[in-house]
Amino acid sequence: MQRFERLVRPRASWLTNDWVRVPIGLICFLLATIITLPIPLGHVAPGTAICMLALGLMERDGVLLGLGLLAAVLALTIVTLASAGVVDVLHHWVMV
């Protein structure tokens, strides 16, 4: 736990102000909605991003919050590309 506490600590407080809670909440809601989609292993990246964002808010760690936002963008990209691939495969399968 002490090693973990050294990594996560209050820093970059301008990114953890009260005004940030609403946009982060909306991002978490979008990621939670994505988790419910039936995409194989599609819950791992959004779940990781939600955990990072929540931990960043709880510990007031702006750096971790920034990493969580980056993870959220990455999760959205992964799920979008996976969904597009599935739609493309189904389109070719139906059209044949």
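The values are calculated or read from the model by the stated rules, or taken from the named source; none is laboratory data. Since the model is a prediction, treat every value here as computed from it, not as a measurement. Quick reminder, even Gly has a Cβ in these numbers, built from the backbone with ideal geometry, and neighbours come from all protein chains shown. For accessibility, only protein heavy atoms count, side chains too; no ligands or nucleic acids. Shrake-Rupley method; radii C 1.70, N 1.55, O 1.52, S 1.80 Å.
I'd like the residue in region 11-27 that is open to solvent by 100 Å² or more (accessible area, probe 1.4 Å) and touching a residue at least 24 places away in the same chain (Cβ under 8 Å) and, out of all such residues, is nearest to residue 76 (Cα to Cα).
21
Residues being without any contact (Cβ under 8 Å) to a residue 24 or more places away in the chain and either in contact with a His (Cβ under 6 Å, 6 or more places away or on another chain) or part of a loop (DSSP other than H, G, I, E, B) (or both): count how many of those fall in region 28-54.
Total meeting the criteria: 6.
Restricting attention to region 81-93, and to residues there that are without any contact (Cβ under 8 Å) to a residue 24 or more places away in the chain, of a type in the set (A, V, I, L, M) and open to solvent by less than 100 Å² (accessible area, probe 1.4 Å), which single residue is nearest to residue 45 (Cα to Cα)? If you could, list the steps in order and put the result at the bottom.
Step one: list which residues in region 81-93 are without any contact (Cβ under 8 Å) to a residue 24 or more places away in the chain, which gives 81, 84-85, 87-93.
Within this subset, residues satisfying the condition of being of a type in the set (A, V, I, L, M) are 81, 84, 87, 89-90.
Of the ones still in play, those that are also open to solvent by less than 100 Å² (accessible area, probe 1.4 Å) are 84, 87, 89-90.
Values: 84: 17, 87: 20, 89: 23, 90: 24 Å.
Top of the filtered list is 84.
Would you confirm, using the coordinates I've provided, whether residue 74 is open to solvent by 60 Å² or more (accessible area, probe 1.4 Å) and either of a type in the set (Lys, Arg) or within 16 Å of the chain's Cα centre (by Cα) (or both)? Don't jump to the end; show me each part of the working.
Numbers: open to solvent by 60 Å² or more (accessible area, probe 1.4 Å): yes; either of a type in the set (Lys, Arg) or within 16 Å of the chain's Cα centre (by Cα) (or both): yes.
So residue 74 passes the test.
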